[in-house]
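Down below is the structure, laid out as structure tokens.
The values are calculated or read from the model by the stated rules, or taken from the named source; none is laboratory data. It should be emphasised that the depicted structure is a prediction, and the values quoted were computed from it without experimental measurement. Note that we place each Cβ from the backbone using ideal geometry, even for glycine, and neighbour counts take in every protein chain shown.
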Amino acid sequence: MIATQNRASIKGGEFLIKETEASQVFIPEEFTEEQQMIAQSCRDFLMAEVWPRLDEIDQAKSPALMSSLMDKAGALGLLGTAVPEEYGGFGMNFNTSMLVAEATGAGNSFSVALSAHTGIGTLPILYYGNDDLKSRYLSKLASGEWKAAYCLTEPDSGSDANSAKTKAALTEDGKHYVINGQKMWITNGGFADLFIVFAKIENDKNLTAFIVEKTFGGITMNEPEKKMGIKGSDTRQVFFNDCQVPVENMLSERGNGFKIAVNVLNIGRIKLAAATLGGAKQVAEQAVKYANERKQFGTAIANFGAIKHKLAEMAIKIYASESASYRAGQNIDDLIEDHKEQGMTDAAAKLKALEQFAIECAMMKVHASEVLDYVADEGVQVYGGMGFSADAPMDRAYRDARINRLFEGTNEINRLLTVDMLLKRAMKGELDIMGPALAVGKEIMSIPDFNMDGSDELFAAEKIVIKNLKKAALMIAGAGVQKFMMKLSEEQEILMNVADIAIEVYVAESVLLRVEKLIGVRGEAACALQKDMALCYLHEAVDKANSAGRTAITSFAEGDELRVMLMGLKRFTKIEPMNTKNARRRIADAMIEENKFVF
């Protein structure tokens, strides 16, 4: 058993200004046998029920097939992982529900339907519903008797969700709200029995959320949308025409809908990160198998260095993103338990913890979705001409991957949110960002310390590199605040550059800490390939941070300030060279020998 210290005192976003010990992070190797069995049951379901029918799912003319698959998933308990036992679910902790999301994430369109139902369709009721609403709806949703959909987006309100025009008007007798409006991109719309609907009452500034049953009437919808990918996901425009909703079906309180939407999206983002990892692992495994099967110039293409590079890069990015995702998931779990010990209800504790780690949720949504995109794209390359054929698996993988950079807020929005939340917490005094930023500003004017070796401790030099990358992010963010003050929000390019550095810092640190912790248990020799992956990722992170930092600095600094900041960036993005080619070959060879994704 791997020992883990109590980590509940960690704050969201604090990674940028505070060093973390390996003992403080959760690593996937800590999942128990029971948790691994749950994940395997999910993979077995995909193997038996979903993968053999992928073409049929994508070509389905009605939502009946997807609905029947959801019924089967419900019968196995896959729809109630996060629902408390008192409402017919399993009451799993957050990181276990993340593991389930990963295990089902390779289900293409099915995983989208499942995620929408168990996440944005169910969790608003779980977290914001009163006892009556929970007792009326959660058991039906956990069993799959009822399917759920989430109605937030409108033709004129996407990222700016609070600008929605759907209206809810109270009837004269005060017993119903009459909803009128149009929603679009509604996943599961064609077979949902229940809709979480967001609307504005009178001239309210903020949305209000309602639980709307299909049987209430006044609900019509278009035919399923024709989409680039996830073709089997039933996605529709839904219209509410004088739809009468009992007043007791208001979710939470009037005007609290926007907050519900934001907090539920935090959950959706980190769960999406886990799901995309499942998809990426499946693509990587298919690529390894094809590379071993495909012969050119008298040998399997897996023997060529160019192919080994691709396979290894897939593994490195997946392993790193996985490390960071479950690190964040466990931080959320720990804070939930901490809040509950202080007397909070389960729902309130979960919401508070997720709100605290909203920064990490946004970052991991960006990183993992872009890892999947990278892996799918390289998967096409490994398959060569067959990768472009609809008869090979990369066609669907490539098309289906693309939506994840749009789901749960575009990656651009999530990058902007990452920095916005960091700076807002700094202004509120919740995170001391500006203090360390000012210290870095003074440091770049001093004589540099060229000692990169640190001590004889494992990864001592690499931890100095991580520390310096954090300084690079703080230097640029601090200078940006001083330069633009309240208008920094208008400098979106700079904010996205800072976000990219912060994301790389978090992921590089996470994978390094994971491997350090693993080495402490298994020994360095047994973790040689994991060490290769951590070091390769760190070198890439340094290059990315340098590029993003240079772009940001040159966009606003001039003269002496420009020269000093570029000098500081060069100092903060130094790393001792290593032979990453040979490291990648070792990583690829391990997968090629086993003919599967082995990490």
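One line per residue, one yes/no per condition, for (1) buried (at least 24 other Cβ atoms within 10 Å of the Cβ); (2) out of contact with any helix residue (DSSP H, G or I) (no Cβ under 6 Å at 6 or more places or on another chain); (3) at pLDDT 95 or above; (4) assigned to a loop (DSSP other than H, G, I, E, B):
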site: Thr215; (1), (2), (3), (4): no, yes, yes, no
site: Lys231; (1), (2), (3), (4): no, no, yes, yes
site: Asn241; (1), (2), (3), (4): no, yes, yes, no
site: Gly279; (1), (2), (3), (4): yes, no, yes, no
Check your understanding: Restricting attention to the stretch 85-101, which residues are in a loop (DSSP other than H, G, I, E, B) and more than 18 Å from Leu335 (Cα to Cα)?
Key -> Gly88, Gly89, Phe90
Revision key, fill the gap. Expected single match for at pLDDT 95 or above, surrounded by fewer than 17 Cβ atoms within 10 Å (Cβ to Cβ), in a helix (DSSP H, G or I) and among the hydrophobic types (A, V, I, L, M, F, W, C) among Ala306, Ala320 is Ala306
Review point. So is Thr573 touching an Asp or Glu at 6+ places or on another chain (Cβ under 9 Å), among the hydroxyl-bearing types (Ser, Thr, Tyr), on the phi < 0 side of the Ramachandran plot and surrounded by fewer than 18 Cβ atoms within 10 Å (Cβ to Cβ) or not?
Key: no
Point to revise | Which listed residue, of Ala149, Ala168, Ala116, is under 30 Å from Ala401 (Cβ atoms), part of a strand (DSSP E or B), in contact (Cβ under 8 Å) with a residue 40 or more places away in the chain and of a type in the set (A, V, I, L, M) | key: Ala149
Exercise for review: Could you check how many residues of the stretch 198-213 are modelled with pLDDT of 95 or more and surrounded by fewer than 20 Cβ atoms within 10 Å (Cβ to Cβ)?
Suggested key: 2
Review point. If only one of Gly91, Gly80 is within 22 Å of Thr345 (Cα to Cα), of a type outside the set (D, E, K, R) and without any contact (Cβ under 8 Å) to a residue 40 or more places away in the chain, which one is it?
Key: Gly91
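Conditions tested, residue by residue: (1) under 28 Å from the mean Cα position of the chain (by Cα); (2) surrounded by fewer than 23 Cβ atoms within 10 Å (Cβ to Cβ).
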site: Ser446; (1), (2): no, yes
site: Leu474; (1), (2): yes, no
site: Phe484; (1), (2): no, yes
site: Lys487; (1), (2): no, yes
site: Gln492; (1), (2): yes, yes
site: Leu495; (1), (2): yes, no
site: Ile503; (1), (2): yes, no
site: Leu512; (1), (2): yes, no
site: Cys536; (1), (2): yes, no
**Study point:** Scope the stretch 49-65; condition of a type in the set (A, V, I, L, M) and part of a helix (DSSP H, G or I); matching residues
**Key:** Val50, Leu54, Ile57, Ala64, Leu65
Practice item. Report the residue count in the stretch 170-205 for those that are within 19 Å of Tyr128 (Cα to Cα) and under 26 Å from the mean Cα position of the chain (by Cα). Key: 5
Point to revise | The lone exception for Asp395 - which of (1) touching a residue at least 24 places away in the same chain (Cβ under 8 Å); (2) in a helix (DSSP H, G or I); (3) of a type in the set (D, E, K, R); (4) closer than 30 Å to Asp55 by Cα it fails | key: (1)
Practice item. Determine whether Ala261 is modelled with pLDDT under 95, under 19 Å from the mean Cα position of the chain (by Cα) and of a type outside the set (D, E, K, R). Key: yes
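Going by what's in this entry, would Asp132 be described as surrounded by fewer than 17 Cβ atoms within 10 Å (Cβ to Cβ) and either at pLDDT 95 or above or under 20 Å from Gly189 (Cβ atoms) (or both)?
On the way: surrounded by fewer than 17 Cβ atoms within 10 Å (Cβ to Cβ): yes; either at pLDDT 95 or above or under 20 Å from Gly189 (Cβ atoms) (or both): yes.
Spelling it out, Asp132 is indeed surrounded by fewer than 17 Cβ atoms within 10 Å (Cβ to Cβ) and either at pLDDT 95 or above or under 20 Å from Gly189 (Cβ atoms) (or both).
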Check your understanding: Just one of the numbered conditions (1) more than 27 Å from Leu562 (Cβ to Cβ); (2) at pLDDT 90 or above is not true of Asp456; which one?
Key -> (2)
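Which ones in the stretch 85-107 are aliphatic (A, V, I, L, M) and modelled with pLDDT under 95?
Met92
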Practice item. Please name all residue pairs, on different chains or six or more residues apart, with Cβ atoms under 8 Å, provided the first residue is in the stretch 245-260 and is at negative phi and part of a loop (DSSP other than H, G, I, E, B) and the second residue is surrounded by fewer than 20 Cβ atoms within 10 Å (Cβ to Cβ) and modelled with pLDDT of 95 or more. Key: Arg254/Ile201
Check your understanding: Looking at this structure, is Gly478 assigned to a helix (DSSP H, G or I), surrounded by fewer than 20 Cβ atoms within 10 Å (Cβ to Cβ) and at pLDDT below 95?
Key -> no
Review point. Can Phe110 be described as touching a residue at least 40 places away in the same chain (Cβ under 8 Å), part of a helix (DSSP H, G or I) and of a type in the set (Phe, Trp, Tyr)?
Key: yes
Review point. Checking Val507 against (1) within 29 Å of Gln330 (Cα to Cα); (2) buried (at least 24 other Cβ atoms within 10 Å of the Cβ); (3) out of contact with any His (no Cβ under 7 Å at 6 or more places or on another chain), which single condition isn't satisfied?
Key: (3)
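Each row is one residue, and each column tells you yes or no for (1) assigned to a helix (DSSP H, G or I); (2) buried (at least 18 other Cβ atoms within 10 Å of the Cβ); (3) among the aliphatic types (A, V, I, L, M).
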| residue | (1), (2), (3) |
| --- | --- |
| Glu360 | yes, yes, no |
| Met363 | yes, yes, yes |
| Glu370 | yes, yes, no |
| Ala390 | no, no, yes |
| Leu417 | yes, yes, yes |
| Asp420 | yes, no, no |
| Leu431 | no, yes, yes |
| Gly441 | yes, yes, no |
Exercise for review: Could you list all residues from the stretch 135-146 that are crowded, with 20+ Cβ neighbours inside 10 Å and in a helix (DSSP H, G or I)?
Suggested key: Tyr137, Leu138, Leu141, Ala142
